[in-house]
Structures are given as C-alpha cells and as structure tokens.
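The values are calculated or read from the model by the stated rules, or taken from the named source; none is laboratory data. Nothing here was measured: the structure is a model prediction, and the numbers come from that model. Neighbour counts run over all protein chains shown; Cβ positions are idealised from the backbone, glycine included. We work out accessible area using only protein heavy atoms, side chains counted, and drop any ligands, DNA or RNA first. Shrake-Rupley method; radii C 1.70, N 1.55, O 1.52, S 1.80 Å.
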Amino acid sequence: MARIAGVNIPTNKRVVIALTYIHGIGDTKAVEICRKVGIPAERRVNELTDAEVIQVREAIDSDYMVEGDLRREVAMNIKRLMDLGCYRGLRHRKGLPVRGQRTHTNARTRKGPAKAIAGKKK
C-alpha cells in the first residue's frame, strides 16, 4: 500500500482515482500530477515502482497544499471571518448556511435534525 502525504491510497485502483483520496487533490490535479510525473492514465497503484511513488510524493509536496496544511489554512480563514464579525463569520458562528441558501425549509445539513416545537400541533 502506497503512502502519500500521510494517506494510505488504495492499491487496486488507477493512480488518477487513488490520488483523489488525498484531501486537496481532485480529478484535475490528479491528472495534472500524473502527466507531470509521466504515469499513464490506465496504470494502477500496485503496478507503480518505488521510484514512481517517490516522484509522485515529491511532486505533491513541492507544488500543492494538501491534508493537514490545507485543513489548517481553511480553519484559520473561517476563524478570521468569525473574529471579524462579518456576515459570513456570523453565519459560521450560528451554524447556518453561509452562501445565501434558503433556510425556511431545507438547510438540514448545516442546522442539524429538526427540533420539535412544543404546542405547535392542534
């Protein structure tokens, strides 16, 4: 099992798909990394040589912010908004949708399960 950026990537999947298991690498960046290192699209992780795994690891470390660093930066950005007290920060603080979605109905992912209101039913 190959370990890249602190993540065990699955061995039986294609390299392009397996790289997306790393936080901060999506489809586009995975294809870009494979092209940069020179790995064909149909190659699987268990077919990679140790040298290729090292090349992929070095390419990711040098060019992309992934995993812990990325999570830390996102958390710091959210904390900054909350400290400023701007509208987006207040929405984060209250646990409501930040980007203008409706909240009268829906928004259950951010708000959590519905709470019963006492005396509502007649």
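Miscellaneous remarks
- Under 12 Å of direct C-alpha separation, and excluding same-chain neighbours fewer than eight residues apart, residue 36 reaches these aspartates and glutamates: 52, 58, 63.
- Each eigenvalue of the Cα gyration tensor of the chain, multiplied by 5 and square-rooted, gives one semi-axis; in descending order these are 41, 19, 12 Å.
- Selection from 84, 105, 95 lying farthest towards where the dipole of region 42-117 points positive, charges on Cβ: 105
- Over the chain, relative contact order from alpha-carbon pairs under 8 Å, at least 6 apart, %: 18
- Once the chain from residue 57 to residue 90 is taken as fully extended at 0.36 nm per residue, the excess over their C-alpha distance is 8.0 nm.
- For residue 23, the amide hydrogen comes within under 5 Å of the amide hydrogens of 67, counting only partners 5 or more places away or on other chains and with H modelled in the peptide plane.
- Charge sum, other residues only, whose C-beta stays under 10 Å from residue 15's C-beta, Lys/Arg counted +1 and Asp/Glu -1: +1
- The charge dipole of the chain, taken about its Cα centre with unit charges on the Cβ atoms of Lys, Arg (+1), Asp and Glu (-1) only, comes to about 1720 debye.
- Contact order relative to length of region 21-92, as percent, for alpha carbon pairs under 8 angstrom and 6 or more apart: 31
- Within the chain, the selection of entire DSSP H helices by a Cα span of 18 Å or greater along the long axis and an average Kyte-Doolittle value of at least -1.0 returns 50-63, 67-84.
- Shown for the chain: the carbon plus sulfur share of the solvent-accessible area, taken with all protein chains present and a 1.4 angstrom probe, equals 52%.
- Within a straight-line Cα-Cα reach of under 16 Å, residue 94 can be paired with the following aspartates and glutamates, leaving aside sequence neighbours fewer than 8 residues apart in one chain: 83.
- Choice from 41, 51, 59 with maximal GNM fluctuation in the chain (Cα, 10 Å cutoff): 51
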